[in-house]
Amino acid sequence: MATNYMLMSSSSFSSDSSASDDELSNRKLDLSYHDMDSDLLEFNLCESFQRDEDDECADPIKTRVEKLLLYNNRLDIVCLQISFFGNLKVLDMSNNMIRQLPDNLNELNFLEQLFVRNNLLTDDSFPKNMTGMARLREVNLSGNRLTELPLPLLEIPTIRNLFIGGNRIRA
């Protein structure tokens, strides 16, 4: 028996066969084990969270999520849609292959903890401005390719814990 995980928005959803596939795809995200291939190389959710400018009611997946765990997924990019999760408090993208953090990461105004350890981040991998992340208090950048402390992070006065072990930082 296949285990089926389904995330649905609060807008009314029915299994009415008259609804088109396009209409349904905007309302649910079905993560079913029965369709998963053991040789899966890419699982792309980047277009799954597009903004719907006509929708007056924000999607609860985006507005209620406070913790997003993306670790151990072999991700090499962070989708621009990450900023749609405006209420995130914890974002863990550890143990991937990420080389660049998107500029709109700065829009995560409620983020308190950012974990991006064991990736491929370098000194140029950070957004130029991160001051919008005024609640950020813990950052883990251990195990990357940094040679100096990222200046944009040093401009955030709320950071209390900054983990940078396993990099190539010179004093």
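The set of residues in the stretch 89-111 being under 9 Å from the mean Cα position of the chain (by Cα) and part of a loop (DSSP other than H, G, I, E, B) consists of MET93 alone.
When the stretch 149-162 is examined, which residues are found to be more than 18 Å from ARG99 (Cα to Cα) and open to solvent by 20 Å² or more (accessible area, probe 1.4 Å)?
LEU154, GLU155, PRO157, THR158, ILE159, ARG160, ASN161, LEU162 - these are the residues of the stretch 149-162 that are more than 18 Å from ARG99 (Cα to Cα) and open to solvent by 20 Å² or more (accessible area, probe 1.4 Å).
Would you check if there is a residue in the stretch 129-148 being small (Gly, Ala, Ser), open to solvent by less than 40 Å² (accessible area, probe 1.4 Å) and either within 18 Å of LEU69 (Cβ to Cβ) or not in a loop (DSSP other than H, G, I, E, B) (or both)? Within the stretch 129-148, one or more residues are small (Gly, Ala, Ser), open to solvent by less than 40 Å² (accessible area, probe 1.4 Å) and either within 18 Å of LEU69 (Cβ to Cβ) or not in a loop (DSSP other than H, G, I, E, B) (or both).
The values are calculated or read from the model by the stated rules, or taken from the named source; none is laboratory data. Since the structure is predicted, the reported quantities are computational estimates derived from the model, not experimental observations. Cβ sites come from the backbone with ideal geometry, for glycine too, and all protein chains shown count toward neighbours. Keep in mind that these areas ignore ligands, DNA and RNA; they rest on the heavy atoms of the full protein, side chains included. Shrake-Rupley method; radii C 1.70, N 1.55, O 1.52, S 1.80 Å.
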